[in-house]
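Following: one structure in structure tokens, then a few remarks.
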Amino acid sequence: MPTVIIVDKILTSSQPELLTSAAILIEENRITKIVTGKDVDELANYDTIDASHCIAIPGFVQTHIHLCQTLFRGMAENLLLLDWLQKRIFPFEAAHNAESMHASAMMGIAELIRSGTTTILDMGSVNHHEEVIRAIGETGFRAFTGKAMMDINGAFSKLKEPTEDSISSTIALAEKWHNSFDERVKYAPAPRFVLSCTDELMKEAFEITKQFDGMLYHTHASENYGEVNAVRERCKMDNVEFLNHLKVLSKNTVLAHCIHLNENEIQLMKQTKTSVAHCPSSNLKLGSGIANIPRYISEGITVSLAADGAPCNNNLNMFQEMRLAGLIQKPVHGPTSMPAKTVFEMATIGGAKALGLENEIGSIEVGKKADIVLLDLNNFWNPLIQDDADDLYTTIVYSAEPINVDSVMIDGKWVYRKKEFAGIDEELILSNARNELKKLLDRI
Ligand SMILES: [Zn+2]
């Protein structure tokens, strides 16, 4: 049944940037018509949703999330990356069973949806990854996801696999789930980072990526000095230089963080069209550093945004990431750096581009999939919201919060409508999360 959404404004992440007094026609899962002014009356015969108090924006695309870690929020504080992993996150992840993994994913997805995120690139843990995939599929969410591949883990040996097992289980998951759930779920092989993978595993994961259409290669790189130094010691070169040596940089490769890159590495990112998933909250909270995002953008490198995992943030809310992505650069590069428009585009069409989905999602345009967020203009603490695109970018990037999210549509279906989940039982998700975390801690 076609649906028409009548809105006060649309911030499109395309051209023209701003439409006012508009209506969006959605047939099946796609946007088939957008009209403004008097032409809105043409669509009166359709099933109409009156959201004339709202601004429509494209759903946010977060390109680096760990749904498997959502249960561990607040349980890994005040640590640098390598201790954070070895002392907290690896033991927690190793204690997951199928039930706790499902509970963790459900809690993360619910938080992402109600704060306006419609698509993620997710890195799982080593085991029970099918539970994450099912949670994504069954909630109507959109994601690239892949189990973490690890065949080295010195200090915490429980969370790793023999190289062949990591490869064969990844291939089995990719064959079964890539393009599943009406193509909302796609697979992305995810070697965790250089320090937890042999050279063979890093390379084989990329070979898998090449065997499937539209698959991505997802890993962490150059997040922290301790990591960068350890990679240099083992590989005799810097992190991104080493990934280039392994021939795994490409337009289908998404590297999380990229904080500590040398000049040659910036050029390698550019030449290979490899994209950066920038995670400002996580980078601040783990004391990792501030990536030179204005420089990367000026070089033409695709930069997108993400919250990373709940225990290094401790939030999955894209409004927070947008705000910080703008703020943290200004003391370094000046107040005109990182304009709100640039940040908004990183959070929408930039994310879609990083995932190779820029022709499908990331903007509100005819022909694209209907991944739409409605923000309620009445509950902004801003008395002067004008019909001006720059003003709206600033309002959304610096003032908006999850409470402003009125409704969320993914693939033409409402998953959140008038601040209520459709098809997700919020109380059940929270009680399952509490119970499963308690049992998981008993297993450690
Ligand atoms: Zn991460």
Yes or no: segment 265-276 includes at least one residue that is within 30 Å of M107 (Cα to Cα) and either at pLDDT 95 or above or not assigned by TED's automatic domain parsing to the domain that holds F144 (or both). yes
List the residue pairs whose Cβ atoms are under 7 Å apart, where the first residue sits in segment 66-86 and is touching a residue at least 40 places away in the same chain (Cβ under 8 Å) and closer than 13 Å to A103 by Cα, the second is among the β-branched types (V, I, T) and within 11 Å of the ligand (Cβ to nearest atom), and the two are 6 or more positions apart or on different chains. Q69/I89; F72/I89
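Conditions tested, residue by residue: (1) in contact (Cβ under 8 Å) with a residue 40 or more places away in the chain; (2) among the small types (G, A, S); (3) buried (at least 20 other Cβ atoms within 10 Å of the Cβ); (4) closer than 30 Å to V185 by Cα.
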position: M1; (1), (2), (3), (4): yes, no, no, yes
position: T20; (1), (2), (3), (4): yes, no, no, no
position: A23; (1), (2), (3), (4): no, yes, yes, yes
position: I26; (1), (2), (3), (4): yes, no, yes, yes
position: V40; (1), (2), (3), (4): no, no, no, no
Do any strands (runs of 3 or more DSSP E) entirely within segment 226-308 hold 3 or more residues that are within 16 Å of the ligand (Cβ to nearest atom) and not small (G, A, S), and if so, which? 253-257
Please specify each residue of segment 277-308 satisfying the condition of being under 15 Å from M123 (Cβ atoms) and of a type outside the set (D, E, K, R). A277, C279, S282, S304, A306, A307
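Listed here are the residues, each with its yes/no results for (1) surrounded by fewer than 24 Cβ atoms within 10 Å (Cβ to Cβ); (2) assigned to a loop (DSSP other than H, G, I, E, B); (3) in the same structural domain as C279 (by TED's automatic domain parsing).
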| site | (1), (2), (3) |
| --- | --- |
| N127 | yes, yes, yes |
| R134 | yes, no, yes |
| G137 | yes, no, yes |
| A143 | no, no, yes |
| I152 | yes, yes, yes |
| K160 | yes, yes, yes |
| E164 | yes, no, yes |
Qualifying residues in segment 212-236 (those that are of a type in the set (F, W, Y) and more than 16 Å from M123 (Cβ to Cβ)) - the one modelled with the lowest pLDDT: Y225
Only one of V35, V40 that is under 27 Å from N379 (Cα atoms), not in a strand (DSSP E or B) and not assigned by TED's automatic domain parsing to the domain that holds E345: V40
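The values are calculated or read from the model by the stated rules, or taken from the named source; none is laboratory data. This is a predicted model, so every value here is computed, not measured. Heads up, the Cβs are rebuilt from the backbone with ideal geometry, glycines too, and the neighbour counts pull from every protein chain shown.
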